[in-house]
1. Inside the stretch 1-49, can you point out the residues that are assigned to a helix (DSSP H, G or I) and of a type in the set (G, A, S)?
2. Against the conditions (1) out of contact with any Leu (no Cβ under 7 Å at 6 or more places or on another chain); (2) at pLDDT below 95; (3) under 30 Å from E2 (Cα atoms), where does I73 fall short? Just the number, please.
3. Just the residues that are among the hydroxyl-bearing types (S, T, Y) and surrounded by fewer than 17 Cβ atoms within 10 Å (Cβ to Cβ), please, taken from the stretch 4-45.
4. Checking E93 against (1) surrounded by fewer than 20 Cβ atoms within 10 Å (Cβ to Cβ); (2) modelled with pLDDT of 90 or more; (3) not β-branched (V, I, T), which test does it fail?
5. From the list L141, L106, L164, which residue is closer than 19 Å to A51 by Cα and not charged (D, E, K, R)?
6. Within the stretch 96-142, take every residue that is part of a helix (DSSP H, G or I), without any contact (Cβ under 8 Å) to a residue 24 or more places away in the chain and of a type outside the set (A, V, I, L, M, F, W, C) and give me the one that is surrounded by the most Cβ atoms within 10 Å (Cβ to Cβ).
7. Can you tell me which residue is farthest from the chain's Cα centre (by Cα) among those in the stretch 131-163 that are within 20 Å of E61 (Cα to Cα) and of a type in the set (D, E, K, R)?
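The values are calculated or read from the model by the stated rules, or taken from the named source; none is laboratory data. As the structure is a prediction and not an experimental result, all values here were calculated from the model. For neighbour counting, all protein chains shown are included, and Cβ atoms are generated from backbone atoms with ideal geometry for every residue, glycine included.
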Amino acid sequence: MELPSVEALNALPADAFVETVAPLFEGAPRFLRRLADARPFDTDDALLDAAREVAAVAPDEELRELLDAHPRIGADPAAMSEPSRDEQGEPSEDQPVEEPGLAEDLANLNEIYEARFGFRYVIFVAGRPKSAIEPLMEVALRNDREAELRRGVGDAIYVAADRLRRLRDEAEAEEGAE
């Protein structure tokens, strides 16, 4: 995926902006519409700062939409977006094979979490094995709803920042190879 420069993002009509940046956030059109309205951005960092500002004032249902746009931890990689699959997909050669029963445990934790808070558990996975996420989910279940909503939204924006950084790094590498 290519992402236009911040100057080009600023020049897009709102609908095109929402569609273009959606992969960074896994969708969430109402949140992204607010982000489009916060333009212009001088830099990628300003775009991310604006996302944090939008999150600080967005209504609860839009923040839930942002979180629910992300796949569940441990979801079938075939049902994930390419960025999510890269971040939490199948174990690689340098990661251990999943522990027996881990997929079921994560599915149960996802159900408990969503029933308790009313939105999906989102955390910056960054290639960590799913076994490292399980205890974090268990701790999150002890939080109050507002704290957990803010933590999850913060992580969703952190995921977007990492995706944006990787896209820019890839573009620079391609330009350097030419």
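1. Residues satisfying the conditions are A8, A11, A14, A16, A22, A36, A46.
2. (1)
3. Correct list: S5, T43.
4. Among (1) surrounded by fewer than 20 Cβ atoms within 10 Å (Cβ to Cβ); (2) modelled with pLDDT of 90 or more; (3) not β-branched (V, I, T), the lone unmet condition for E93 is (2).
5. L164
6. Across the stretch 96-142, the extreme among qualifying residues is E114.
7. The qualifying residue farthest from the chain's Cα centre (by Cα) is D144.
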